[in-house]
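Everything below concerns the one structure shown next.
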Amino acid sequence: MVKFRRSFSCAVRGIVYSIANGRNMKIHLLAAIAVIGLASVLQVNRIEGALLVLAIFMVLTAETINSAIEKNVDLVTQEKHTLAKLAKDLAAGGVLLTAINAVIIAVLVFGPYLLRLLDL
C-alpha cells in the first residue's frame, strides 16, 4: 500500500508540475474548460459527453508525455542534435494529432446542436 501511495503521489506531482510549468498544458486546460462549459450549456447526451471527456484526457495525456520526452532529451543533451530534435518533434506531433482528433470530435458533437440553435 505504501508503494501505491508513493506512486500515486509521484503521478500527482507530475500533473501539478505539468500544469504549473507548461504553457501548452494551460492552453489545453482552458480549452477543456470551454468544451465542458459548452457541453453543459448545450446539454449534450451522456455518450457525447463521454467522447468529449475522452478527447480532453487524450490531449492532456499526450501533452504530459510530450513534456516528459522533452525533459528526458534535455537531460541527455543540451547540444543541438538531429536525433534530439527529431524526438521532440515526434512527441509534439503526437500532441498535434491528438488535438486534431479532439477538434474533430468537438465538431461532430457540437455541430448539430449549434446548427439547431442557428435555425431558431
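Please treat every number below as a calculation from the coordinates, not as lab data. Please read all numbers here as calculations on a predicted model, not as lab measurements. All Cβ positions, glycine included, derive from the backbone under ideal geometry; neighbour counts span all protein chains shown.
General observations
- Efficiency of FRET from Cβ geometry, residue 54 and residue 82, R₀ 35 Å, rounded to 0.05: 0.50
- Fraction of alpha-carbon pairs over 12 Å apart in segment 60-105 - percent: 61 percent
- Histogram of C-alpha separations across the chain, 10 Å bin width, %: 12, 33, 29, 18, 7, 1
- Here the spin labels are modelled as points 7 Å beyond Cα on the Cα-Cβ line, and at residue 47 and residue 23 they lie 4.1 nm apart.
- Over segment 2-119, relative contact order from alpha-carbon pairs under 8 Å, at least 6 apart, %: 29 percent
- Between 69, 47, 105, the residue with the greatest mean-square fluctuation in the GNM of the chain (Cα pairs under 10 Å linked by springs) is 47.
- Qualifying trypsin sites (Lys or Arg not before Pro) in segment 56-95, where qualification requires a DSSP coil assignment and no more than 15 other C-beta atoms within 10 Å, comprise 80.
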